[in-house]
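Q: Take a look at the following structure, please.
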Amino acid sequence: MTTDLRFRGARPGRAIVLSVAQLLMGLYALLIFYPLFNMIVSSFKTTREIFQHPFALPVHIVLSNYKVVWIDRGFGRYFANSLVVTLVAMAFVLLLGSMAAYGVGRYRYRLRTFVFMLFLSGIMLPLKAAIIPLFMLIKGLGLMNTRAAIVLIFLAMGLPSTVFILSGFMRSIPLELEHAARIDGCNDWGIYQRIVMPVTTPAIALVTIYNAVPLWNDFFFPLVFLQSNALKTLPVGLTTFFGQFSTDWSLLFTGLSIAIIPMLVLYLFMSRWFIRGLTAGAIK
Amino acid sequence: MTRVDVRKGLWITLFVLPGLAVVGVFILLPLFVSLFNSLFNWQQLIRGGFVGLDNFRKILLADPYRTRFFNALGNNLKWFIVTMLVQNSIGLLFGYLLSRKVAAGGFYKRIFFIPVLFSIVAVGFLWGLYLKPNGLVNAFLKLVGLPGWTHAWLGEEKIATFSVIVVNIWRWVGFPSLVFLAAIDSLPGECFEAAYLDGAREWTTFWKIVIPLIVPAITVITVLTIIGSLNVFEQVYTMTGLDGPPNYSTDTIGTLFYRTAFGSVDSGNPQIGIGSAIGVVIYLLTFVASIGSIVATRSREVEL
Amino acid sequence: MNRRKVFLASLLVFAVAGFAFAQKATIQYWTWRPEDVDKYNQLLSDFQKQNPDITVVQTAQKNTEYNTILSAALSGGSGPDVFQSRAYGGLETFAQSGYMEPLEQWVPELKGFASAPLRGATSIKDGKIYGVPFASQTLFVYYNKKMYAKLGLKPPATWAQFLANLDAMKKAGIQPLANGGKDGWTLEVMMGALCPNFYGANDYFNAVVKGQTNFQDARFVNAIGRLKDLIPYLPNLYMGVSYTDMQTAFINEQAGHFIGGSFEAGYFASQNPDLQFDVFPGPAAKAGDPQYVSTYADGNFSMNAASKNKAAAAKLLRWFASKATGDFFIKSLKQVSVVPGVDTSADPFITKVLSFQKYETPYVFLVGFRYQQPTGSTLAQAALQGMLAGTLSPADVAKQIQDGIATYYAPFKK
């Protein structure tokens, strides 16, 4: 490929720029792995050891933390609950979000900007600001202490940025593709499903991870709306390690290390879409 | 209306309505109810009489609210400027390099988003460890012979805000990188090939061809940066504190809003009316700034 | 189909069970102390043994989110039947909003409580008592006994002796103080532990609350200025030293003193059982003067005014006002119970803390000036950070506190 940036055969100027860039990216990679390593290592230490020797390897590996957190503190169940709530919410975020992004990004109509701004309004203030009216709403709908309440709130929280980001990407897809499909007899849904969605895949992968992480980590709404221990999610479980004047960092890091695994898996799975550079091929 | 218009209208409704309904009921409705509170006087948690814009007058014109509000807003401005200049420039550079298949690019693509996966609690705690007086950063500075550069990174009034911003950049720089990467990747390859055949230099290709074509992605990142900068809350809360310590130097309108509306455990009680008024101002500022940047960048958009 | 049958059957079982125990009440109880949940379960199970008709369900909320969640739940017409409530200004949020039940009628035991803890449970608006106080906290200085023995030091009675002890430690290569300035509230604690002996304890407190003097009084300016004497003994880059760093340094015997409060002893002991520590009250300005300590009511147990089980909730509150709970606080939580007549002799630490209370003075900003915004605490925490960082003088600190409080405090407006 003529468009690759490689060292081999590069002019001296470009080689220097490339080395600096490589150094930057390598440094950043280091800054990514060290905290990850640090977090996981801390989960094998006692709280006192975490503070006394924060950067050393554990003296005695405390494996019991994982047993305490997973079994005694019931994180197995919390983990499953989180998985259910996040997965269902994200499925709807992607479906309704990409549909709305299509409706906002691929049509021209008078209310378009208004609809777009309505969606965008949803991320201009944190929903936490409206906790009291939201509480009354959920109570009024009879959804207190149900997973549905959390799924709906998570769905609503995920939609605005999904619509915003996806509509930007969808707008930049050339119209010729759509015209060609229309001539082949595709209706609007067909164009959304078979033309626009495949081309938008990298952006969808991005939006998935962008929204799934905060939803997965959110403790506030489940804390307010789920009282039953059988429904509690993983981040709610994590809050029990925070005392008023002391925090059980040892168990907290164990919980956090468990919590990051599904997100890592999801991300590594999603990142395949970036690596393939799939879209460029689709358009050609 | 013609039949074509009706059909088009129906399709738009089908696509947009389900999402809009959910956002409308579960976000916009409670949010507006809560912003409506700003027009009332509040006795603790009970709504009192209608006071019009008095709460707004207080936060914009009357001390002690005014001082706190503009101090916080100034910090939000720092967040915006530094994030735009540093985070998004690095993101653009990384995204461009990755799109051009630099060495180890596949590996970087797989890891650059990992910091976002961390819970904010872990970020706050771990970076707190690195930035504390006897933490890793100062240890590193001493190691390389710069003991004079050591600081209480999160405890000095002049530095603390920037320390929190830098940690936030560490956390988020992968996001613009990948957005720009996705945007550049979705450009037709012919653009580049034509430029190369013409013998255009890398720098020229980047500025004259890539940038104009990824304006929609730039808009997305700019608007998200505006929204993010005006809504800074968790980062400050977990790294320095709800009161924006030391001495309000890391305070933002987000932390000011939260502790005014809900009260700070260690120091104060809720003032719902004034808190909601701060919320309205945050909302309006964000709205105007977002629209402004959308309009400003849309005029530069190039259709393919 | 099968599932449906099971569902119907279980419904029937519940109905029958519900009929059989129609008298059984369930009380929801909320706390901001997740670290004490297991211990409280013990106390609550003792209560349920004595009251088989009542089931108590304990829910611990994250301390920092507690007020927010409680506000949302109470405003929404639900929430717990019995809950921990903050003292003083924190109580008013819920008491003045009508979400708390006045307790004089329900809990006759309140009559026996001392006036100091009751002050934290009484609304300034209507003078009614809205909570059963659970503990008092006292601010003082912890010191490492081994280090004191090694250096031949004695607990100081005067400020000069205190500085001399700090100096001796510094010369011996030991970090004298664990305290830092990153978390503003720890500076307010430092002020509460050390300044009353300089501003004239109760005389000044009573005068300033009545508006007979203010915070720019020379006594107060001088008192907070004394904190600057400690700067040479604070850790390197102390403005970056957080509360957890302070705890770590003292627990792991990397620092000789920790200026804090009675709420910390339990954690110190649990983290390092080998740590030998003791406490002394804030040193006096000159020899022979009494050594005053700041004290405050930590919090209360309150009843939801909208509770559907007020009678059962009252039973639980009476249990919380009983000696059983008092003993539990002292033995299990290592906290200074304020239940009257509880035997404290079993715990030497608590006995010592109580002996300090012979000369007690209200923790000035929490007790007197945390009822409106900006609270004295908010103002003091930020300004003291400025003072320790060197950007504000003691007079600036006093002025900022005075100006902030004067925006609403009627006695200052005369």
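The values are calculated or read from the model by the stated rules, or taken from the named source; none is laboratory data. Quick caveat, the model's predicted, so the values are computed rather than measured. Note that each Cβ is placed from the backbone with ideal geometry, even for glycine, and that neighbours are counted across all protein chains shown.
Q: From (1) of a type in the set (A, V, I, L, M); (2) under 20 Å from the mean Cα position of the chain (by Cα); (3) at pLDDT 85 or above, pick out the condition that doesn't hold for A:Ile275.
A: (3)
Q: Give the residues of the stretch B:60-92 that are within 16 Å of the chain's Cα centre (by Cα) and over 22 Å from B:Leu242 (Cα atoms), sorted by residue number.
A: Those that are within 16 Å of the chain's Cα centre (by Cα) and over 22 Å from B:Leu242 (Cα atoms): B:Ile81, B:Met84, B:Leu85, B:Val86, B:Gln87, B:Asn88, B:Ser89, B:Ile90, B:Gly91.
Q: Being away from chain C (no Cβ under 13 Å) and of a type in the set (A, V, I, L, M, F, W, C) is true for just one of B:Ala296, B:Ala261. Which residue is that?
A: Working: B:Ala261 fails: away from chain C (no Cβ under 13 Å).
None of the other options fit; the residue is B:Ala296.
Q: Can you give me the number of residues within the stretch B:105-127 that are over 22 Å from the mean Cα position of the chain (by Cα) and farther than 17 Å from B:Val173 by Cβ?
A: Qualifying residue count, the stretch B:105-127: 1.
Q: With the checklist (1) part of a loop (DSSP other than H, G, I, E, B); (2) under 25 Å from A:Gly190 (Cβ atoms); (3) facing chain B (nearest Cβ under 9 Å) in hand, flag the one item A:Arg108 doesn't pass.
A: (3)
Q: Scan (1) touching a residue at least 12 places away in the same chain (Cβ under 8 Å); (2) over 27 Å from B:Leu61 (Cα atoms) for the single condition B:Thr260 breaks and write down its number.
A: If we test B:Thr260 against (1) touching a residue at least 12 places away in the same chain (Cβ under 8 Å); (2) over 27 Å from B:Leu61 (Cα atoms), just (2) comes out false.
Q: Taking into account only those residues within the stretch C:379-403 that are assigned to a helix (DSSP H, G or I) and within 8 Å of chain B (Cβ to nearest Cβ), which is surrounded by the fewest Cβ atoms within 10 Å (Cβ to Cβ)? Step through it out loud before you land on a result.
A: Filtering the stretch C:379-403 for residues assigned to a helix (DSSP H, G or I) gives C:379-389, C:394-403.
Cutting the leftovers down to within 8 Å of chain B (Cβ to nearest Cβ) gives us C:381-383, C:385-386, C:389, C:403.
Numbers: C:Gln381: 28, C:Ala382: 27, C:Ala383: 25, C:Gln385: 26, C:Gly386: 20, C:Ala389: 19, C:Asp403: 16.
Among those that are assigned to a helix (DSSP H, G or I) and within 8 Å of chain B (Cβ to nearest Cβ), it is C:Asp403.
Residue-wise test of (1) under 29 Å from A:Gln52 (Cα atoms); (2) in contact with a strand residue (DSSP E or B) (Cβ under 8 Å, 6 or more places away or on another chain); (3) surrounded by fewer than 19 Cβ atoms within 10 Å (Cβ to Cβ).
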| residue | (1), (2), (3) |
| --- | --- |
| C:Lys154 | yes, no, yes |
| C:Gly184 | yes, no, no |
| C:Ala201 | no, yes, no |
| C:Gly211 | no, no, yes |
| C:Pro232 | yes, no, yes |
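Q: I'd like the residue in the stretch C:328-359 that is surrounded by fewer than 17 Cβ atoms within 10 Å (Cβ to Cβ) and of a type in the set (Gly, Ala, Ser) and, out of all such residues, is modelled with the lowest pLDDT.
A: Here the residue is C:Ala346.
Q: Identify, please: which residue in the stretch B:264-293 is at the interface with chain A (Cβ under 8 Å from one of its Cβ atoms) and among the β-branched types (Val, Ile, Thr) and is, among those, farthest from C:Tyr66 (Cα to Cα)?
A: By that ranking, first place goes to B:Ile291.
Q: Being in contact with a helix residue (DSSP H, G or I) (Cβ under 9 Å, 6 or more places away or on another chain) and either facing chain A (nearest Cβ under 8 Å) or among the aromatic types (Phe, Trp, Tyr) (or both), is that true of even one residue in the stretch B:57-64?
A: no
Q: State which residue is nearest to the other protein chains (Cβ to nearest Cβ) when the search covers only the stretch B:94-124 and only residues that are touching a residue at least 40 places away in the same chain (Cβ under 8 Å) and over 24 Å from A:Phe269 (Cβ atoms).
A: B:Val121
Q: Every residue in the stretch B:197-216 that is within 14 Å of B:Leu93 (Cα to Cα) and part of a helix (DSSP H, G or I), please. Step through it out loud before you land on a result.
A: Step one: list which residues in the stretch B:197-216 are within 14 Å of B:Leu93 (Cα to Cα), which gives B:202-203, B:205-207, B:210-211, B:214.
B:Glu202, B:Trp203, B:Thr205, B:Phe206, B:Trp207, B:Val210, B:Ile211 - these are the residues of the stretch B:197-216 that are within 14 Å of B:Leu93 (Cα to Cα) and part of a helix (DSSP H, G or I).
Q: A further question on this structure: Under 7 Å between Cβ atoms, which residue pairs at least 6 apart in sequence (or on different chains) link something in the stretch B:64-80 that is farther than 16 Å from B:Leu284 by Cα with a partner that is charged (D, E, K, R) and at pLDDT below 95?
A: B:Tyr65/B:Lys58
Q: I would also like to ask the following. Just need a number here: residues in the stretch C:34-86 that are within 13 Å of chain A (Cβ to nearest Cβ) and of a type in the set (A, V, I, L, M, F, W, C).
A: 8
Q: Ok, one more. Looking at (1) farther than 30 Å from C:Ser123 by Cα; (2) of a type outside the set (S, T, N, Q); (3) away from chain A (no Cβ under 14 Å), find the lone condition where C:Met303 falls short.
A: Only one criterion in (1) farther than 30 Å from C:Ser123 by Cα; (2) of a type outside the set (S, T, N, Q); (3) away from chain A (no Cβ under 14 Å) is unmet by C:Met303, namely (1).
Q: Also, quick follow-up: Does at least one position in the stretch B:30-43 carry a residue that is facing chain A (nearest Cβ under 8 Å), at pLDDT 90 or above, surrounded by fewer than 20 Cβ atoms within 10 Å (Cβ to Cβ) and not in a loop (DSSP other than H, G, I, E, B)?
A: Scanning the stretch B:30-43 turns up at least one residue that is facing chain A (nearest Cβ under 8 Å), at pLDDT 90 or above, surrounded by fewer than 20 Cβ atoms within 10 Å (Cβ to Cβ) and not in a loop (DSSP other than H, G, I, E, B).
Q: Is one or more of the residues making up the stretch C:110-119 part of a loop (DSSP other than H, G, I, E, B), in the same structural domain as C:Gly326 (by TED's automatic domain parsing) and either touching a residue at least 24 places away in the same chain (Cβ under 8 Å) or over 22 Å from C:Ile251 (Cβ atoms) (or both)? Steps first, please.
A: Restricting attention to the stretch C:110-119, the residues satisfying the condition of being part of a loop (DSSP other than H, G, I, E, B) are C:113-114.
Pick out the ones that are also in the same structural domain as C:Gly326 (by TED's automatic domain parsing) and you get C:113-114.
Remaining after also requiring either touching a residue at least 24 places away in the same chain (Cβ under 8 Å) or over 22 Å from C:Ile251 (Cβ atoms) (or both): C:113-114.
Yes, that holds for at least one residue.
Q: Test B:Tyr130 against the criterion of being over 18 Å from the mean Cα position of the chain (by Cα), among the hydroxyl-bearing types (Ser, Thr, Tyr), in a helix (DSSP H, G or I) and within 14 Å of chain C (Cβ to nearest Cβ), and give yes or no.
A: Yes, satisfied.
Q: Now for a different question. Quick check on the stretch A:183-195. Is at least one of its residues free of Cβ contacts under 8 Å to residues at least 12 places away in the same chain and aliphatic (A, V, I, L, M)? Lay out the reasoning, then the answer.
A: Kept after step one, since they are free of Cβ contacts under 8 Å to residues at least 12 places away in the same chain, are these residues of the stretch A:183-195: A:183-190, A:193.
Remaining after also requiring aliphatic (A, V, I, L, M): A:183.
Among the residues of the stretch A:183-195, at least one is free of Cβ contacts under 8 Å to residues at least 12 places away in the same chain and aliphatic (A, V, I, L, M), which makes the answer yes.
Residues are listed down the side, and each one gets a yes or a no for (1) touching a His at 6+ places or on another chain (Cβ under 9 Å); (2) in contact (Cβ under 8 Å) with a residue 12 or more places away in the chain; (3) part of a helix (DSSP H, G or I); (4) under 15 Å from A:Ala259 (Cα atoms):
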residue	(1), (2), (3), (4)
A:Ile61	no, yes, no, no
A:Trp70	no, yes, yes, yes
A:Phe79	no, yes, yes, yes
A:Val88	no, yes, yes, no
A:Ala101	no, yes, yes, no
A:Phe116	no, yes, yes, no
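Q: Check C:Glu264 against each of (1) more than 10 Å from every other protein chain (Cβ to nearest Cβ); (2) among the acidic types (Asp, Glu); (3) in a helix (DSSP H, G or I) and name the one condition it does not meet.
A: For C:Glu264, the failing item is (1).
Q: Let me ask something else about it. Return the residues of the stretch C:83-107 that are over 23 Å from C:Thr378 (Cα atoms) and in contact (Cβ under 8 Å) with a residue 40 or more places away in the chain; say none if nothing qualifies.
A: Kept after step one, since they are over 23 Å from C:Thr378 (Cα atoms), are these residues of the stretch C:83-107: C:83, C:98-107.
Listed by number, the residues that qualify are C:Phe83, C:Gly98, C:Tyr99, C:Met100, C:Glu101, C:Leu103, C:Trp106, C:Val107.
Q: Applying the selection to the stretch A:165-195, what residues are within 15 Å of the chain's Cα centre (by Cα) and either more than 7 Å from chain B (Cβ to nearest Cβ) or not in a helix (DSSP H, G or I) (or both)? First the steps, then the outcome.
A: Keep residues of the stretch A:165-195 that are within 15 Å of the chain's Cα centre (by Cα), which gives A:165-166.
Of everything in the stretch A:165-195, just one residue is within 15 Å of the chain's Cα centre (by Cα) and either more than 7 Å from chain B (Cβ to nearest Cβ) or not in a helix (DSSP H, G or I) (or both), namely A:Leu166.
Q: Do we find a residue being of a type outside the set (A, V, I, L, M, F, W, C) and under 24 Å from B:Leu181 (Cβ atoms) anywhere in the stretch A:88-100? Let's see the steps before the verdict.
A: Of the stretch A:88-100, the ones of a type outside the set (A, V, I, L, M, F, W, C) are A:97-98.
Then keep just the ones that are under 24 Å from B:Leu181 (Cβ atoms); that gives A:97-98.
Within the stretch A:88-100, one or more residues are of a type outside the set (A, V, I, L, M, F, W, C) and under 24 Å from B:Leu181 (Cβ atoms).
Q: Still on this structure: With respect to the numbered conditions (1) in contact with a Lys or Arg (Cβ under 9 Å, 6 or more places away or on another chain); (2) farther than 22 Å from A:Tyr210 by Cα; (3) within 7 Å of another protein chain (Cβ to nearest Cβ), which one is the sole condition not fulfilled by B:Asn138?
A: (3)
Q: What are the residue pairs meeting all of these: first residue in the stretch A:38-54, first residue within 16 Å of A:Ser257 (Cα to Cα), second residue among the charged types (D, E, K, R) and part of a loop (DSSP other than H, G, I, E, B), Cβ atoms under 7 Å, and 6 or more apart or on different chains?
A: Partner pairs satisfying both residue conditions: A:Thr47/A:Asp248.
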